[in-house]
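The values are calculated or read from the model by the stated rules, or taken from the named source; none is laboratory data. For clarity, every value in this text was computed on a predicted model and none was experimentally measured. Note: ideal-geometry Cβ built from the backbone for every residue, glycine included; neighbour counts use all protein chains shown. Ligands, DNA and RNA are excluded from the accessible area calculation, which covers all protein heavy atoms including side chains. Shrake-Rupley method; radii C 1.70, N 1.55, O 1.52, S 1.80 Å.
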Amino acid sequence: MTDRRNFLGRAIAGLSTAMLAGCYDLDEKPWFTGALGKVENLTREAQHLFAGPDTLAPEFTKADIAPVFRANGSLDPGTPEYKVHQANGFRDWRVTVSGLVDHPLSLSMDQIRAMPQRTQITRHDCVEGWSCIGEWSGPQLALVLAAAAPRAKAKYAVFYCADPMTAEGDPDHYYYESLELSEAMHPQTILAHRLNGQILDVPHGAPVRLRAERQLGYKQPKYLQRIVLTGTLDGIGGGKGGYWEDQGYTWYGGI
Amino acid sequence: MLRMRGGAWPVAEIPAGCGNQLSFGANDPVNALQGTVVTTDVEKSPPYLPDRARTALGLTPSGPHYFFYRHRAWVRVAHWVNALCLAILLMSGLNIFNAHPALYWGDGSNFQRPLLMLGAYADEFGMVDRGVTAIGGHEFSTTGVLGASKIDGQLTARGFPSWATLPGPNWLAMARQWHFAFAWILVLNAIGFIAYGLWSRHFIRDLAPTRRDIAHLGREIADHARLKFPRGEKAKHYNGLQKLAYCAVIFVAGPLIVMTGLAMSPTLDAAFPFLPWLFGGRQSARAIHFLCAFSFFGFFIVHIAMVILSGSWNNLRSMVTGWYAIKGRGHD
């Protein structure tokens, strides 16, 4: 009896070890990562059931603003081109809107500042787990996109940025991200050029960054230069819809 | 699921249709026996299987005992699905936590004043030489396990050690995908289980503590402390402590861990702003989520200890096959 118990005990221990080892291996099996990708779609669709296109993220009061808003990811693009822009106060910085639109745009910072502004005190949630509350100001992206007149086929807004993410030996590439058009048109999705009443500084994405308040931080790119409306994310960057997505993060960033 | 429909089922009374072997609920002998009143004197009935065969099956040797259908199929399946989900959720959760191994109270993170932080110190050459756990500003050295642990023989800054996380290496993107996939399975399983528990009256019958349970709680605690567990007929019902423990995980920690998990999603916070508010903010919700996870882990440790101390094979068999051996005649 004791021997048998020992044997069974060992068998169970062995089996659970094998199962755990199996779990570690599963990360590399396409069928498994494919299934996890399906879960991402399930999560996105379930969340959309409850959070309609106009459901607003919670907004806070000035008293809630974090004394120091943590800057994360790229803290300074540091390229020669960016340094020139920095030196002349981003006078020549342009944000262009192109792709599946009837009226492509090229906006200067003065034009962006001259549009109707939205100011919102919101909570920034990093995928790592921390949060910071800050006050952001800028025009709603919906206004900018409306001026560009998106075509019916446009499904995604792709954002191209000035911060290089090139690892050594890789071809040149810069940070990019993308959102569903409905999320890009959300009332709290703004082209933010002010943080806590100050002109946006370099660590936080000067001169202008995206705020999409129902999304995690990596979905809100800094140093924004180009917005392209497309019908598909295929063939852009690594094809997954963003720099971090190409590194394995989920494209849906609402959770 | 402690009640037997139609009375007890002595080993000696296996219906002819079941053949010569014990049939562990495969063709639901309970239904076949519905309404049967068992009158056989169990003590006098001969053991149905020779002792050698019983031992081989991991059953208790002969003696005055019979088998009692303790857990119905739905409960058993839900139990094991839940066990798998909780193991994967805990380990992938620790990997996610490692991406920012600190907890805070409130909506945002007050980086100067974490509730809990797992950190590491480096020597003058920049090599990690100490891991610490800081709780409310008090530091405890936890080198090797928390804050800093070895990877390929090299002490490295890491919240929880790689043997406790899924995947093993710090890999936030993959850990999140594991976590959310198994969170779905956990929640669907829980919804099925709760619907079943209400519909079958399992909760009312077997889990809801009675006045008697509460009155006997003191004695129950004393008995448990002396590792004296209910035997005989008494083992057919959960005792008061057991009921409270199961109710606490099913009706308190379970809903709490799901709701604090949902409160961390920025999109769901837009849909349900009361969610983070309910817990005092997103970072508080994250801290409560973490506490719930360790409550589940504590429950798991006690649960396993109780299973082993009160008869591992009998308990394990009953959660796999449904059948639990009642030994002795110890009436209430």
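Pairs from the list A:83/A:240; A:29/A:153; A:38/A:219; A:153/A:219; A:153/A:240; A:29/B:150 with a Cα-Cα gap above 25 Å: A:83/A:240; A:29/A:153; A:29/B:150.
On a 1.4 Å probe surface of the protein chains, which of B:295, A:98, A:137 comes out largest in accessible area, and what is the full order?
B:295, A:98, A:137
Per-residue accessible area (protein heavy atoms, 1.4 Å probe) orders B:297, B:140 as B:140, B:297, starting from the largest. Shape index of segment B:225-297: Rg/Rh, with Rg the Cα radius of gyration and Rh the Kirkwood radius from the inverse mean 1/r over Cα pairs, equals 1.22.
Neighbours of residue A:118 by Cβ distance under 13 Å: Lys/Arg scored +1, Asp/Glu scored -1, total 0. Here, chain A has an Rg and a Dmax of 22.0, 84 Å when only alpha carbons are counted. Of the residues making up segment B:92-118, those losing 50 Å² or more of accessible area when the isolated chain is joined by the remaining protein chains, with a 1.4 Å probe, are B:100, B:107, B:111. The largest accessible area among A:109, A:185 belongs to the first residue in A:185, A:109, and the rest follow in falling order (1.4 Å probe, all chains).
Over all directions, the projected convex hull of the C-alpha atoms in segment A:60-179 averages 10.0 nm² in area. Magnitude of the charge dipole for segment A:120-255, about its Cα centre and with charges confined to Cβ atoms of Lys, Arg (+1) and Asp, Glu (-1), is about 580 debye.
Return the aspartates and glutamates within reach of residue B:327: Cα separation strictly under 18 angstrom, same-chain partners fewer than 8 residues apart disregarded; answer none if there are no such residues. Within the straight-line limit of under 18 Å, residue B:327 reaches these aspartates and glutamates: B:13, B:41, B:43, B:51, B:233.
The calculated 222 nm mean residue ellipticity attributable to helices in chain A amounts to -9000 deg cm²/dmol, summing -39500 (n - 2.57) over DSSP H runs of n ≥ 4 and dividing by all residues. In loop segments of segment B:232-332 as defined by DSSP, the trypsin sites (Lys or Arg not before Pro) with at most 13 further C-beta atoms inside 10 Å of their C-beta are B:329.
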